[in-house]
1. So, in the stretch A:43-72, of the ones that are within 13 Å of ligand 1 (Cβ to nearest atom) and in contact (Cβ under 8 Å) with a residue 60 or more places away in the chain, which residue ends up nearest to the other protein chains (Cβ to nearest Cβ)?
2. Could you check the stretch A:38-59 and list, in sequence order, the residues that are away from ligand 2 (no atom under 13 Å from the Cβ) and at positive phi?
3. Would you please list the contacts, defined by Cβ atoms under 7 Å and residues six or more apart or on different chains, that run from a residue in the stretch B:421-448 that is under 12 Å from residue B:408 (Cα atoms) to a residue that is small (Gly, Ala, Ser) and modelled with pLDDT under 80?
4. Look at the stretch A:175-202 and say how many of its residues are in contact (Cβ under 8 Å) with a residue 24 or more places away in the chain and either open to solvent by 40 Å² or more (accessible area, probe 1.4 Å) or more than 14 Å from the chain's Cα centre (by Cα) (or both).
5. Residue B:394 - would you say it is of a type in the set (Ser, Thr, Tyr) and more than 10 Å from chain A (Cβ to nearest Cβ)?
6. Considering each of B:321, B:305 in turn, give the residue that is out of contact with any Asp or Glu (no Cβ under 7 Å at 6 or more places or on another chain) and not polar (S, T, N, Q).
7. Could you check how many residues of the stretch A:73-105 are touching a residue at least 60 places away in the same chain (Cβ under 8 Å) and among the aliphatic types (A, V, I, L, M)?
8. Which condition does residue B:244 not pass, out of (1) over 20 Å from residue B:179 (Cβ atoms); (2) crowded, with 24+ Cβ neighbours inside 10 Å, if it passes all the others?
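The values are calculated or read from the model by the stated rules, or taken from the named source; none is laboratory data. Values in this document were obtained by computation on a predicted structure and should not be read as measured data. For neighbour counting, all protein chains shown are included, and Cβ atoms are generated from backbone atoms with ideal geometry for every residue, glycine included. Ligands, DNA and RNA are stripped out before the accessible areas are found, and what is left, the full protein with its side chains, is counted by its heavy atoms. Shrake-Rupley method; radii C 1.70, N 1.55, O 1.52, S 1.80 Å.
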Amino acid sequence: MLEIKNLTVSIDGRPILDDLNLTVRDGEVAAIMGPNGTGKSTLSYVIAGRKDYTVEAGEILLDGVDLLGLEPDVRAARGVFLAFQYPLEIPGVATMTFLKAALNAQRKQRGEEELSTPELMKRVKAGAEKLEIKPDMLKRALNVGFSGGEKKRMDILQMALLEPTLAILDETDSGLDIDALRVVAAGVNALRSPKRSFLIITHYQRLLDYIVPDTVHVMAKGRIAKTGGADLALELEKSGYRDYVADAA
Amino acid sequence: MSAPMTPPRTLAEAALAEAFDAALPGLPGGPDARKLRETSFSKFYDAGLPHRRIEAWHYTDLRALMRTAAPLAEAPSADSLAALREKLAASAPGCRLVVVDGVFVAQLSDPAPEGVVIQSLASVLAAGRPDLIALLAAQEFGGADTIVSLNAALMQDGVVIEVAPGAVVAEPIRIIYASTACEPRASYARSALIVGAGASMRLIEEDFGAQAAQTNRCLIVSVGDEAACDHIVSMTGMGRSSLRIESMIVRLGARVKFKSFGLIGDGGVVRRQIFMRFDGADSEGTLSGVSLLRGREHADTTLLVEHAGTGCAGRETFKYVLDEEAVGVFQGKITVEKEAQKTDGRMMSKALLLSDGVAMNNKPELEIFADDVACGHGATCGGLDENQLFYLQTRGLPFAEAEALLLEAFAADLVDELLDEATGAELREKIVCWLSARGAAPAAGDAP
Ligand SMILES: Nc1ncnc2c1ncn2[C@@H]1O[C@H](COP(=O)(O)OP(=O)(O)OP(=O)(O)O)[C@@H](O)[C@H]1O
Ligand SMILES: [Mg+2]
């Protein structure tokens, strides 16, 4: 379970998240929607452990443990996964080499045995097939020269292999064509489980037709402004964020 | 004009003059070679060791860096050669040519492959074939450098490799440099590679164990029309207080494909200088290298690329990884002569700075006399990308591991891009070895 309590975050002295509270229960799929520049990516980065932000106050508990003092890799080994809004290109690092390093690093931190290369290959191949990732992409340098949609699929493949307990998807749907959206959504749905929570950041109702959320949060001005069920997303589609941005801070 | 002023001699210059006089009678070659040695030494001695006011040596002030001249290495003993033979047994594939302290050792070397003639420099100088002597003298291009002259004056030996026109040499020819000296010694080797028209071959030069304290090596390459030649040099056997100067003089014919890659893996002061000239038309010449430096190591790569033929493509890419208090130097000068229309020249240097104590000096230079050319250069300097590091960490890699992966990627991607699989794997291993020793070794380094 993820519990964010009174989280206030700034960057270069400028407040971005303002006393934010959010809970995502085990097995829950929560969607976050909100206007551009409202702090959604910031929230996801802060959960994952990015250092450029200053946490002024609050805590982020995952299964009761405060993540804030932990390094990003330790958080990852504890089950945090972030699918980036803009996945990074890593020239010179073969995708397969990277996947092996990531999986084994997490296993090592959890005191588990390393995966053998054949076992790893088997898992990667099976995962790639489900997400319709061409085998030759696995031989290329990570994300280098991949199309926007291919990069997003590669992030979802990583998620499937790393089996996180908290998966944050930051605009994974942007840049995906209609077929890719279906494939990625199916990939996410296959990972839904009572042990795994999802935080899905999106601007579009359409993704939520495929991945039906348990809760929808509206984020505005650095805090959660409203929480509702799946129908809240439909409502937003009609009315926009007018009501949330208009009122005085 | 007043009489030329004789500059005061440094200790090292005086010692070199003494060493030259003492060694001259014993150095190989007939009267022609002796004349070449004497004129070359005067050329060196008149100018003295290059210093900061000599433009090409501005960042590597040898007058300041070379305090003493080590005595010339003696010929290796039979015992030390026998010991070396044992150790060499498991070396990598290819036709192996062994040079110990500047001297070619036939009994440790393999016979030449088909289509190739291999001789020692000493025997070539003794035989006095005019075309080879002229090539070895390298007077017209590259020979103006006084350190190349010093090498010509003192050249002890080396290998002369002639590849017959049309010969396809599948296995690499591998020159292995070793040293048996226990005391600080100097070695001067000069080698030549002549690739006949239409031939194809690969030359690898590598260090085997520690090298002499001061080495001045020169390789002269001539590539005939339509030939393909790959050259790889890996310099990894230098001690922290050593001085190494590596010169390569290359002339390319027409429609040639020439590639050279150099790895500098350690050393006190290293200067690698390449003089490459496109004589013919429509050739491709690629020069590249990676320097991995820590402690107070200093590595300088200086290029002079001359385009005289039309329609040639020159690619120069050099990378540096600098840690602790290391100093990197990249100087690249491309000149395009009036006749060399349609020249396509691109030069790039990229440095990764891993500590605040390092310094990187970049000096690109273009001199273009033709009007229809595309030439450019670029340089980047900086730390590892924070975003990439964070991305890898979020996937579970601890910071040090993420850093190592990115460093390897930075240093090794040229290797993957430019070399065949087997040679690429050899060099990648050397790079990984350097990276894994990072931080483990003490940071100190004596100046030579
Ligand atoms: N590294 C940074 N330096 C300076 N400002 C930043 C930085 N990161 C985020 N911000 C600012 O913080 C605010 C929130 O940005 P954030 O990316 O979190 O918004 P978002 O809700 O994800 O927007 P979008 O819907 O466009 O993706 C923006 O005003 C942005 O300019
Ligand atoms: Mg965002």
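1. A:48
2. A:49, A:58
3. Note: no pairs meet the criteria.
4. Residues meeting the conditions: 13.
5. Spelling it out, it is not the case that residue B:394 is of a type in the set (Ser, Thr, Tyr) and more than 10 Å from chain A (Cβ to nearest Cβ).
6. B:321
7. Of the residues in that region, 6 qualify.
8. Condition (1) is where residue B:244 drops out.
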